[in-house]
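Working notes, beginning with the structure itself.
The values are calculated or read from the model by the stated rules, or taken from the named source; none is laboratory data. Everything quoted here is computed from the prediction, not taken from an experiment. For neighbour counting, all protein chains shown are included, and Cβ atoms are generated from backbone atoms with ideal geometry for every residue, glycine included. In case anyone asks, the SASA skips ligands and DNA or RNA and just uses the protein heavy atoms, side chains included. Shrake-Rupley method; radii C 1.70, N 1.55, O 1.52, S 1.80 Å.
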Amino acid sequence: ACSPAAQFGPFRADGDDWPVPGDDQLARALPRAIEDGRIVPFFQPKFDIFRKRITGFEALARWPDPDWGMIAPIRFIPAAEEAGLILALGEAMLAASCRAAVGWAAGGHAASIAVNVSPHQLSLGGDFVGMVSGVLAETGLPPARLELEITESVMMEPTLRGVIDALTAMGIGIAIDDFGTGYSSLAYLKRFSASTVKIDKSFIDDMPAALDSCILVDAIIRLGHGLGMTVVAEGVENVEQVEALELAGCDIIQGYAIAPALAGPQAFGLLANQGSA
Ligand code: C2E
Ligand code: CA
Ligand code: CA
Ligand code: CA
């Protein structure tokens with residue numbers, strides 16, 4: 001229903017040329033942009049294949065700039081990590097995302113929200129668990145409606161596993177992001193106290209034409225289910241992939257086949273248009 005271009009909102013019409021900022025320009029503008037709250041979450045729907053409904057969203061950071069257009073996270077997340085700004089940005093993204101989810105519920109359409117966590121947010125020290133519980137208390141979001149997306153590298157760090165366990169004990173969901181790309185050991189999967197596994201887009205891309213990708217996706221789905229986890233496929237772009245994933249028993253799909261990341265009001269519109277469950 002929504003073209004990927006829709007995510008650029010009023011800032012960009014296709015074919016417009018925007019001046020592209022250099023890395024150094026971007027790095028100089030970043031602290032103020034974070035301080036002023038100009039980096040905001042957009043929301044990509046998570047679609048439950050069997051219930052045929054949007055049940056939640058993933059928050060993806062966007063920096064709309066009047067001169068530069070929409071700046072993608074690949075440009076500013078690594079810069080924020082390097083400049084020591086990722087704690088501030090991460091907290092701002094979490095707070096804005098939780099506020100949005102509280103707003104949806106208040107509008108009569110509750111949905112869960114998944115927020116990306118940089119490994120730096122956990123390894124820089126500081127009280128990550130305290131920060132998260134503070135944001136939940138401030139915004140009033142029930143912990144069960146929050147999911148944190150963490151990469152496998154984090155789960156493999158023994159010192160960080162305590163943090164994950166504490167978040168889980170609070171009732172927050174933990175998703176293993178980009179599963180299959182990193183250290184991906186099936187033995188580790190068993191030890192994770194994660195509730196969700198997200199199959200990386202690179203596996204989905206080759207579906208359903210490439211048999212080996214189908215076999216891998218099938219295996220991850222069965223393994224995830226065997227461990228009591230919810231399985232999400234990301235980067236789902238076409239109806240053939242949707243059908244193959246439905247057949248394989250995947251729980252949730254995310255991708256342009258459903259919608260790109262949308263500004264808050266558009267995301268709420270999709271949710272509200274479904275009617276009540
Ligand atoms: P990710 O967490 O793996 O997010 C998925 C990326 O794939 C997003 O890119 C999303 O827009 C894109 N995508 C979704 N569906 C499709 C599809 O069907 N086809 C294609 N080609 N792409 C699709 P985005 O928003 O540019 O984010 C890139 C990465 O930046 C994210 O990867 C995540 O690692 C990071 N990121 C984004 N927001 C945040 C944030 O608030 N905090 C942190 N720490 N990282 C973030
Ligand atoms: Ca993610
Ligand atoms: Ca991912
Ligand atoms: Ca990815």
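Find the residue count for the range 233-256, including only residues that are within 16 Å of ligand 3 (Cβ to nearest atom) and surrounded by fewer than 18 Cβ atoms within 10 Å (Cβ to Cβ).
Initially, the range 233-256 is screened for residues within 16 Å of ligand 3 (Cβ to nearest atom), giving 233-237, 241, 245, 250-256.
If we keep only those that are surrounded by fewer than 18 Cβ atoms within 10 Å (Cβ to Cβ) too, we end up with 237, 256.
Selection size over the range 233-256: 2.
I need the full set of residues from the range 73-87 which are within 16 Å of ligand 3 (Cβ to nearest atom) and open to solvent by less than 50 Å² (accessible area, probe 1.4 Å), in order please.
73, 77 - these are the residues of the range 73-87 that are within 16 Å of ligand 3 (Cβ to nearest atom) and open to solvent by less than 50 Å² (accessible area, probe 1.4 Å).
Go through (1) more than 16 Å from ligand 1 (Cβ to nearest atom); (2) at positive phi for residue 255 and report which single condition fails.
Going through the list (1) more than 16 Å from ligand 1 (Cβ to nearest atom); (2) at positive phi, residue 255 breaks only (1).
Restricting attention to the range 190-203, which residues are within 21 Å of residue 112 (Cβ to Cβ), within 13 Å of ligand 4 (Cβ to nearest atom) and touching a Gly at 6+ places or on another chain (Cβ under 7 Å)?
199, 200, 201
Just for the range 169-189: of the residues that are more than 16 Å from ligand 4 (Cβ to nearest atom) and open to solvent by less than 50 Å² (accessible area, probe 1.4 Å), which one is modelled with the lowest pLDDT?
It comes out as 185.
Just the residues that are of a type in the set (Gly, Ala, Ser), within 18 Å of residue 45 (Cα to Cα) and outside any loop (DSSP other than H, G, I, E, B), please, taken from the range 201-250.
Residue satisfying the conditions is 233 alone.
Considering only residues that are touching a residue at least 40 places away in the same chain (Cβ under 8 Å) and open to solvent by 30 Å² or more (accessible area, probe 1.4 Å), look in the range 103-118 and name the one that is farthest from ligand 2 (Cβ to nearest atom).
Going through the qualifying residues, I end up with 108.
For the range 154-184, enumerate the residues that are charged (D, E, K, R), without any contact (Cβ under 8 Å) to a residue 60 or more places away in the chain and over 17 Å from residue 129 (Cβ atoms).
Residue satisfying the conditions is 178 alone.
Which strands (runs of 3 or more DSSP E) sit wholly inside the range 20-72 and have at least 1 residues that are open to solvent by 40 Å² or more (accessible area, probe 1.4 Å) and closer than 19 Å to residue 84 by Cα?
40-48
Can you tell which of 220, 176, 204, 199 is within 16 Å of ligand 1 (Cβ to nearest atom) and in contact with a Lys or Arg (Cβ under 7 Å, 6 or more places away or on another chain)?
176
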